[in-house]
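Chemist: Take this structure, written in structure tokens, and hold onto it; I'll ask about it next.
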Amino acid sequence: MDLRHVIEAARAASSKAYAPYSSFRVGAAILTGSGAIHSGCNVENASYGLAICAERAAVTRMVNAAANANDRKIQFIAVVSPDATPCFPCGACRQVLHEFGCEEVVVLDASEDPVRYPFSEILPHAFGLEDL
Ligand code: THU
């Protein structure tokens, strides 16, 4: 799967963002272990704390579509914002991405070039299901 293809899915998702309060639009796209792409955008609310991040929106779509564990294994997630480069996942999203074995996070640098980070750099010493 072409990395650029996944990044473009994230970029397209960012154009759907519902962000009337922050005006900060984010799109995310996941490539799964089975080669599917699931995207999501941020969805804000008049009750500000209820905002849903793009990354978690994408995870929700992935889990809903999955038929087996490979369908919900995250090879990588690309995160794109027209309002910030790079745009890294927030702490809460990092934890949720860890739940589904995310191996890499891809963001765009100021030149719009992709930069790949191993997940162990994104969330070192993560707590997960293996700790229970
Ligand atoms: N947001 C995301 O969707 N993902 C990120 O990686 C960072 C933040 C959203 C949440 C909120 O709607 C807006 O960006 C400003 O925080």
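The values are calculated or read from the model by the stated rules, or taken from the named source; none is laboratory data. Not measured: the values here are computed from a predicted model. FYI the Cβ positions are ideal-geometry reconstructions off the backbone, even for glycines, and counts take in every protein chain you see. Note: areas computed on protein heavy atoms with side chains; ligands, DNA, RNA excluded. Shrake-Rupley method; radii C 1.70, N 1.55, O 1.52, S 1.80 Å.
Chemist: Considering the chain as a Gaussian network with a 10 Å cut-off on Cα pairs, which listed residue, ILE74, ILE30, ILE122, attains the greatest mean-square fluctuation?
Modeler: ILE122
Chemist: Under the classification rounded if a/c is under 1.5, otherwise prolate if a/b is larger than b/c and oblate if not, where does the chain fall, given a ≥ b ≥ c as square roots of the Cα gyration tensor eigenvalues?
Modeler: Values: a/c = 1.40, a/b = 1.23, b/c = 1.13.
Rounded is the answer for the chain, as its axis ratio a/c remains below 1.5.
Chemist: Once Lys and Arg get +1 and Asp and Glu get -1 on their Cβ, which of ASN70, THR85, LEU50 lies farthest toward the positive end of the dipole of the range 3-131?
Modeler: Result: LEU50, furthest along the dipole toward the positive end.
Chemist: OK, next. Tell me, in nm to one decimal, what length is gained between VAL115 and TYR18 on full extension, where the rule is 0.36 nm per residue of separation less the Cα-Cα distance?
Modeler: This chain segment gains 32.3 nm when fully extended.
Chemist: For the range 68-132, run through the chymotrypsin sites (Phe, Trp or Tyr not before Pro) and keep only the ones in DSSP coil with at most 15 other Cβ atoms within 10 Å of their Cβ.
Modeler: Numbers: sites: PHE76, PHE100, PHE119, PHE127; in loops: PHE100, PHE127.
Taking the range 68-132 and a limit of 15 other Cβ atoms within 10 Å, the loop chymotrypsin sites (Phe, Trp or Tyr not before Pro) found are PHE127.
Chemist: Short version: ³J(HN,Hα) in whole Hz for each residue of the range 121-127, in order, from phi by Karplus 6.51 cos²θ - 1.76 cosθ + 1.60 (θ = phi - 60°), x for Gly and Pro, what are they?
Modeler: Whole-Hz 3J(HN,Hα) from phi for the range 121-127: 7, 7, 9, x, 6, 5, 8.
Chemist: Search the structure for amide H atoms under 5 Å from the amide H of ALA51, placed 1.01 Å from N in the peptide plane, and list their residues when 5 or more places away or on another chain.
Modeler: Long-range HN contacts for ALA51: ASN45.
Chemist: Let me ask you something else. If the elastic network links every pair of Cα atoms under 10 Å, which of ALA65, ALA17, ALA46 fluctuates the most in the Gaussian network model of the chain?
Modeler: Comparing ALA65, ALA17, ALA46 in the GNM, the peak value goes to ALA46.
Chemist: Relative contact order of the range 3-131, please, whole-number percent, based on alpha carbon pairs below 8 angstrom and at least 6 residues apart.
Modeler: Working: 278 pairs, mean separation 26.5, N = 129.
Computed value for the range 3-131: 21 percent relative contact order.
Chemist: So how exposed is CYS53, as accessible area in Å² (1.4 Å probe, rounded to 10)?
Modeler: 40
Chemist: Same structure, new question: Tell me, what is the per residue accessible area of the range 17-132 in Å², probe radius 1.4 Å?
Modeler: Working: 5930 Å² over 116 residues.
Each residue of the range 17-132 exposes 51 Å² on average to a 1.4 Å probe.
Chemist: Sticking with this one: Under a 10 Å cutoff between Cα atoms, tell me which one of VAL43, VAL115, VAL105 has the largest fluctuation in the Gaussian network model of the chain.
Modeler: Evaluated over the chain, the most mobile residue of the options is VAL115.
Chemist: Considering only protein heavy atoms and a 1.4 Å probe, what is the carbon-and-sulfur percentage of the accessible area of the chain?
Modeler: Summing carbon and sulfur atoms, their accessible area is 54 percent of the total for the chain.
Chemist: Taking the Cα centre of the chain as origin and charging only Cβ (+1 Lys, Arg; -1 Asp, Glu), how large is the dipole, in debye to the nearest 20?
Modeler: Details: 10 positive and 15 negative charges, 79 e Å.
The dipole magnitude comes to about 380 debye.
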